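Peer 1: Structure incoming, see below.
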Amino acid sequence: MIKQSIKRRIVAIAVGLIILMLATSILSMIMVGRVGHLLDELTARYTPANAHLTRMNILSLERALALRRMVIAEMQEPPDVIVYKAQKQLYDAKDVEVDNEAQTARKLINAIIDDTSTPSDNAALGRIDSRIDGLMSDARRHLRQTSGELLSAIDAQDFTAGRRILAQLDLLRDELDGNID
């Protein structure tokens, strides 16, 4: 009788431990699946969005470099028209690429916001999206306007005004780069 009671207790404890191990295994599998889903979102959306923003910054700097090369080509005696035209084409192409990178980043950010299966700070992501939109509209509009003024001054051979406008342009570019960062 005592032997059976001890056997039952040992078997009951063993069965209880097996049930606890089974519950722990199931819970672990659920948590691994959830972490896997979060990692998928990180690799499919967050990292590419960051990469697009980084490329946007690099392209913006390349655009600034092309503008400086245009100014240098115009300031030479006689002006180097071939280099100027080549840099102007590069300058315009980089502008389009910056817009494309910004739009792609915004699409990824909006996809993160729209995905309800993963927890994310939608308010912060919305602020990032609106900042990108502001950068692409207001800041870039000021940059384009100032760049146009610079090119007009350089075309008119007004190099003192060109230097002054170039300094303004550098401030605007630094502000844009800081906002992108």
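The values are calculated or read from the model by the stated rules, or taken from the named source; none is laboratory data. Owing to the predicted nature of the structure, the values given are computational and were not obtained by experimental measurement. Every residue, glycine as well, gets a Cβ built from its backbone with ideal geometry; the counts of neighbours run over all protein chains shown.
Peer 1: Give the range 96-132 a look and list any residue that's at pLDDT below 85 and either touching a Phe, Trp or Tyr at 6+ places or on another chain (Cβ under 8 Å) or not in a helix (DSSP H, G or I) (or both), or say none.
Peer 2: Listed by number, the residues that qualify are 115, 116, 117, 118, 119, 120, 121.
Peer 1: Please determine whether any residue of the range 42-55 is more than 21 Å from the chain's Cα centre (by Cα), assigned to a helix (DSSP H, G or I), surrounded by 10 or more Cβ atoms within 10 Å (Cβ to Cβ) and of a type in the set (Gly, Ala, Ser).
Peer 2: The answer is no, given that none of the residues of the range 42-55 is more than 21 Å from the chain's Cα centre (by Cα), assigned to a helix (DSSP H, G or I), surrounded by 10 or more Cβ atoms within 10 Å (Cβ to Cβ) and of a type in the set (Gly, Ala, Ser).
Peer 1: In addition: Where residues in the range 133-181 are outside any helix (DSSP H, G or I) and charged (D, E, K, R), which of them is farthest from residue 96 (Cα to Cα)?
Peer 2: Checking each candidate, the answer is 158.
Peer 1: Of the conditions (1) more than 30 Å from residue 161 (Cα to Cα); (2) free of Cβ contacts under 8 Å to residues at least 40 places away in the same chain; (3) crowded, with 17+ Cβ neighbours inside 10 Å; (4) of a type in the set (S, T, N, Q), residue 28 fails just one. Which one is it?
Peer 2: So residue 28 meets the others, but not (3).
Peer 1: May I ask you to list pairs of residues, at least six apart or on different chains, whose Cβ atoms are under 8 Å apart, with the first in the range 113-124 being in contact (Cβ under 8 Å) with a residue 12 or more places away in the chain and under 12 Å from residue 45 (Cα atoms) and the second being surrounded by fewer than 14 Cβ atoms within 10 Å (Cβ to Cβ) and of a type in the set (Gly, Ala, Ser)?
Peer 2: The qualifying pairs are 113/126.
Peer 1: Sticking with this one: Select from the range 71-96 the residues that are surrounded by fewer than 17 Cβ atoms within 10 Å (Cβ to Cβ) and acidic (Asp, Glu) and list them in ascending order.
Peer 2: 77, 92 - these are the residues of the range 71-96 that are surrounded by fewer than 17 Cβ atoms within 10 Å (Cβ to Cβ) and acidic (Asp, Glu).
Peer 1: Find the residue count for the range 1-60, including only residues that are among the hydrophobic types (A, V, I, L, M, F, W, C) and either within 27 Å of residue 122 (Cβ to Cβ) or touching an Asp or Glu at 6+ places or on another chain (Cβ under 8 Å) (or both).
Peer 2: The qualifying residues number 13.
Peer 1: When you scan the range 150-162, how many residues do you find that are surrounded by 13 or more Cβ atoms within 10 Å (Cβ to Cβ) and either in contact with a strand residue (DSSP E or B) (Cβ under 6 Å, 6 or more places away or on another chain) or charged (D, E, K, R) (or both)?
Peer 2: Residues flagged as surrounded by 13 or more Cβ atoms within 10 Å (Cβ to Cβ) and either in contact with a strand residue (DSSP E or B) (Cβ under 6 Å, 6 or more places away or on another chain) or charged (D, E, K, R) (or both) within the range 150-162 amount to 1.
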